[in-house]
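Written out below as structure tokens is the structure these notes cover.
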Amino acid sequence: MKGIVLNRELENKIELKSLNSLSPRPGEVKIQIKAAALNHRDEWCRQGLYPNLKNGVVLGSDGAGVISELGAGVSGLEVGQEVIINPALNWGQNQKVQSKDFQILGMPGNGALAEELLVPADRVHLKPSHLTFESAAALPLAGLTAFRALTYQGNCQPGEKVLITGFGGGVAQFAAQFAIGLQAEVHVSSSSEDKIQKALGLGVKAGFNYKNENWTDQALEQAGGFDLIIDGAAGDSLNDLIKVANPGGRIVFYGATLGNPGKLEARRIFWNQLKIMGSTMGSDQDFEQMLAFVNEKSIEPIVDQVFSFEKAVEAFDRMKAGKQMGKIVLKP
């Protein structure tokens, strides 16, 4: 079989390589991958920004495919079923936080950017029937991250004013769609007018270009402030979010692509009694609830572009440049 592996000795840091075919061990399922999706962590691995990097590891956390073989002792699944994979490994029993053994599929262990994948049987779920393999592959990591941030941590309620920052990325597009499904009044921010227009087409009420210096004033004028803000950037922009949060509001951030803030408006936080929370992926319970919600609301992931495995470098470069609107998908 073939897989896209990390090789930081090469100029492009990844390569499409022939690998040995896999045989499931007891409790494992072998999946023939039909489509896999990129996440920022895949590009960060390529850039050497992720811990525990190992050359030769198959990258990719998100995948959808068909069960081709069952290991001994596996029940409740059948060869031929169309499935998607929960990439959160070893979350543990505590719904509040992941265990110290928590890992994500695709580094340090082999991931979904290959023709075949072995995973524990409890990571395998039936693919929502309304989704293609390409759109299903786009769902797991980003969808799970968005769902937990919005529902478990953010406690999103119908009628609340919600701001989703950085619309266009995988987590943000799911957060916006999930919040609309929860009957919230959803607003987004983006650096791209085209992406804002895409959000409006999904049912978002308004969008703000955060490159405009007065975007916070515009947001306050139009929305009057937000009850819940979902963010993946942090950095100094966190103070802008504190400014547009309603008294008693919640800010949930699931990433820090802009790094740590240089300063923090502490007085505004305590005076307005804001809650600032972190969120990382999600538990098995979150994943099951997310899948049920996707099925109930017929959520359709936004797929930016589909590449063949042979054009993996082009796909990774597109993510690095931030050109995508939705998820970048690769097919064997």
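Some observations on this one:
- For segment 226-286: relative contact order, % (alpha-carbon pairs under 8 angstrom, 6 or more apart): 38
- Table column - 3J(HN,Hα) (Hz), segment 216-231, Karplus curve with 6.51, -1.76, 1.60, x for Gly and Pro: 5, 5, 4, 5, 5, 5, 7, 9, x, x, 10, 7, 9, 10, 10, 9
- Take every Cα pair under 8 Å whose residues are at least 6 apart in sequence, average their separation, divide by the length of the chain, and the relative contact order is 18 percent.
- Separation between Cα centres of segment 20-47 and segment 216-284, rounded to whole Å: 34
- Trypsin sites (Lys or Arg not before Pro) within segment 247-314: DSSP coil, no more than 14 neighbouring Cβ in 10 Å: LYS263
- Pairs of Lys residues in segment 207-332 are counted when their Cα atoms are under 15 angstrom apart and they lie 8 or more places apart or on different chains; the count is 4.
- Take the Cα radius of gyration of the chain and divide it by 2.2 N^0.38 Å, N being the number of residues; the result is 0.99.
- Annotation: MET281 carries an accessible surface of approximately 10 Å², with a 1.4 Å probe and no ligand, DNA or RNA atoms counted.
- Positive dipole terminus of the chain, leading residue within PRO247, ALA175, ALA35 (C-beta point charges): PRO247
- All alpha carbon pair distances within segment 175-287 were sorted into 10 Å bins beginning at 0; the resulting P(r) in whole percents reads 13, 44, 35, 7, 0.
- Overall Cα dimensions of segment 1-140, principal axis frame, Å, largest first: 43, 37, 31
- Dipole moment magnitude, nearest 20 debye, the chain about Cα centre, only Lys, Arg, Asp, Glu C-beta charged: 500
- Virtual spin-label span in nm between TRP271 and THR257, 7 Å along Cα→Cβ: 3.2
- Computed helical MRE - 222 nm, the chain, DSSP H runs ≥ 4 contributing -39500 (n - 2.57), nearest 500: -7500 deg cm²/dmol
- Nitroxide proxy distance, nm - points 7 Å out along Cα→Cβ at GLU11 and LYS100: 4.5
- Surface accessible to a 1.4 Å probe, PHE133 within the full protein complex, Å²: 40
- The GluC sites (Glu not before Pro) found in segment 1-74 that occupy coil by DSSP, while having at most 10 further C-beta atoms within 10 Å, are GLU9, GLU11.
The values are calculated or read from the model by the stated rules, or taken from the named source; none is laboratory data. Since this is a predicted model, take the numbers as computed values, not measurements. So basically every Cβ, Gly included, is an ideal-geometry build from the backbone, and we count neighbours across all protein chains shown. For accessibility, only protein heavy atoms count, side chains too; no ligands or nucleic acids. Shrake-Rupley method; radii C 1.70, N 1.55, O 1.52, S 1.80 Å.
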